[in-house]
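Notes follow once the structure below has been shown.
A short reminder: the numbers here are calculations on the coordinates, not readings from a lab. Just so you know, these numbers come straight off a predicted model, no measurement behind them. Backbone-built Cβ (ideal geometry, glycine too); neighbour counts: all protein chains shown.
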Amino acid sequence: MTTLSFGKIINIKEQDYVYLGATLDIVYLAQIVDVDMTKRILIRYQKLQEFSPRKNDSVYKVVQLTTADFVGCGAHCHKTEKDSNILEANDFMFKGDLNDKDKNAIKEELLVNDGFVNKELQELIRGFN
């Protein structure tokens, strides 16, 4: 049996996610979005920066993936909190692991102290090697 740990790719009801961490009540997951959606998010973020460089929002927290099978897709780190019952045994399956480059990029993105990432999630991520 595979154990959930940071960077595992799981599928829940036809949607892929990156497992980020968990507490007793909350599971943190980054939704994997397709290449087109990833490009649209990044383009909107670049345009926003032209007009308001200090403005940021968690909706723009996306890491473009390099892991095989997900190249160009994004790990979207907006609204990562899910109720812990989402991981009931019959409702999800393992699909693999992110490569180290992607894991490190997600950690870096989530550890930025911009006020848009849950402090509890940041503490969980700091604890991962």
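Using the structure shown, list the pairs from K13/K47; K95/K119; K13/K101; K82/K107; K61/K119; K8/K101 with a Cα-Cα distance above 25 Å, or answer none. Flagged as over cut-off: K13/K47; K95/K119; K13/K101. Site pair L111 and K95 shows an inter-label distance of 2.6 nm when each label is modelled 7 Å from Cα along Cα→Cβ.
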